[in-house]
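What follows is a single structure, written as structure tokens, with notes after it.
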Ligand code: MN
Ligand code: MN
């Protein structure tokens, strides 16, 4: 059911709806608290998939096993992206029902030569990842997550700053008393990217040594993690807001957390996918990396990762040919799920209030995204949208439509246009977010619930 501005999903919920909603959003908040990087997401997703009977596609290939209707497989791509397949009754050539979302989020990445000492303190130099308002990243507790790859082939996992007894890090800001020059600057220049360095220590190792505070940090890193200064070169360490996802508001109707763009769509897609029993058309859940920097790299949507995985699955099912795969791709339908900008009454001037997403009004569909004259958008077909409308109505899913802000206010893109390259029907949809890309983003629990229902209905259609 399409909700207009006067309606609200909360009003229609039964006792049982509210119970289901709470279970879903509690587990979502646990997922967010546990998974702060794309690698941590993949690890958790694979573990949940295995519990639901999914098998590693690599083992199927190695053992020369045959795949058949009903089989469930996953492929982990470099630990940063994952594709799941649930084989349907219909031939691949009829197309698949695909759910897609991204699992990378904006953050501060450590540079390759990050550690330095200045003013008697040790710092880690960073380079921000994705679109951030730099001033939002100062004076908040940050945790460090990631991996250090050693030359002997081992991988050291790092996570510091989440447990209560662990230290955190921060980027300092100049005190207001001395900020007269800073306060005159444009907000985009008030905090510079090169100044987003983490404060990580202040005890010198010994008097008279060069950079004694830095030397002390290196000693701690050696003792605790067996890594040295050179190992940063082959590391991926991400500074992210420390702490857990929380319920927001007196009525606990919202979620406040880091990384909801786009883990809110990734998690809801996954939950819907794993809980779907038999499917007629083969189902796919595609959770990818690097969307925030343009879907680049081997683990981003612009790589051939999905095509390669599909070729293997079709081959293992005895259904592969170049033509059969092209038909499978072209005849597929996809919900490309990513967050939408929720109407913010405090910044109403950047929205068209008649074409905005509102909290509690359900899962959001965007016919197009993009910038200026729809540049860079996918612009879904009317016929496909009509089909989606009837699926949502049949599934009693509450939904709304929106644009990303008013015309010429800005813009953005998703992975939708990349999958459309295969000639399949794709539409952007997802959950509305306030403070998108901020260290702590806000979503509505009702919208999370409706998104999950929408994905489930789509998979069974
Ligand atoms: Mn996104
Ligand atoms: Mn984003």
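Readers should treat all values here as calculations from the given coordinates under stated rules, not as data from a laboratory. Source: prediction; values computed, not measured. Every residue, glycine among them, receives a Cβ derived from its backbone with ideal geometry; neighbour counts consider all protein chains shown.
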> If you count the DSSP beta bridges with both ends in the chain, what percent of them are antiparallel, to the nearest 5?
Replying inline: 70
> What would the Debye formula give as log10 I(q)/I(0) at q = 0.16, 0.19, 0.25 Å⁻¹ for the alpha-carbon point model of the range 358-461, no solvent?
Replying inline: -0.75, -1.04, -1.42
> Can you pull the semi-axes for the range 269-374, root of five times each eigenvalue of the Cα gyration tensor, sorted largest first, whole Å?
Replying inline: 34, 18, 13
> When all alpha-carbon pairs of the range 127-166 are counted, what percent fall beyond 11 Å?
Replying inline: 75
> According to the Cα gyration tensor, what semi-axes, each the square root of 5 times an eigenvalue, does the equivalent ellipsoid of the range 386-438 have, listed from largest to smallest in whole Å?
Replying inline: 23, 18, 11
>> When 1/r is averaged over all different Cα pairs and the result inverted, which Kirkwood radius in Å belongs to the range 51-166?
In response: 18.9
> When the chain is fully extended, how far beyond the present Cα-Cα distance does residue 352 get from residue 223, taking 0.36 nm per residue of separation?
Replying inline: 40.8 nm
> In a solvent-free Debye calculation with one equal scatterer on each Cα, what is log10 I(q)/I(0) for the range 107-241 at q = 0.10, 0.16, 0.18, 0.22 Å⁻¹, listed in the order of the q values?
Replying inline: -0.36, -0.87, -1.06, -1.41
> Could you give the semi-axes, largest first, of the ellipsoid that matches the range 248-301, computed as the square roots of 5 times the alpha carbon gyration tensor eigenvalues and rounded to whole Å?
Replying inline: 25, 22, 5
> What nm distance separates the two modelled labels at residue 253 and residue 195, each placed 7 Å from Cα along Cα→Cβ?
Replying inline: 3.9
> How many percent of all Cα-Cα pairs in the range 328-375 sit more than 18 Å apart?
Replying inline: 45
> Quick one: 233, 397, fewest Cβ neighbours within 10 Å first, how do they rank?
Replying inline: 233, 397
> How do 196, 459 line up, fewest other C-beta atoms within 10 Å first?
Replying inline: 196, 459
>> In Å, what Kirkwood hydrodynamic radius results for the range 1-91 from the alpha-carbon pair distances?
In response: 16.2
> What is the spin-label model distance, in nm, from residue 375 to residue 47 if the labels are put 7 Å beyond Cα along the C-beta direction?
Replying inline: 4.4
>> Just to be sure I understand the model, the point goes 7 Å from the Cα along the line to the Cβ. What's the resulting residue 14 to residue 393 distance in nm?
In response: 2.2
> Among 384, 250, 458, what is the fewest-to-most ranking by other Cβ atoms within 10 Å?
Replying inline: 250, 384, 458
> In Å, what Rg and Dmax follow from the Cα atoms of the range 209-282?
Replying inline: 21.5, 69
>> Run the Debye formula on the Cα coordinates of the chain, all scatterers equal and no solvent, and tell me log10 I(q)/I(0) at q = 0.13 1/Å.
In response: -1.21
> So how do 62-69, 50-57, 436-443 stack up, highest first, on mean other-Cβ count within 10 Å?
Replying inline: 436-443, 50-57, 62-69
> Under Stokes-Einstein, with the Kirkwood radius over Cα pairs standing in for Rh, what whole-number D in µm²/s applies to the range 43-115 at 10 °C and 1.306 mPa s?
Replying inline: 108
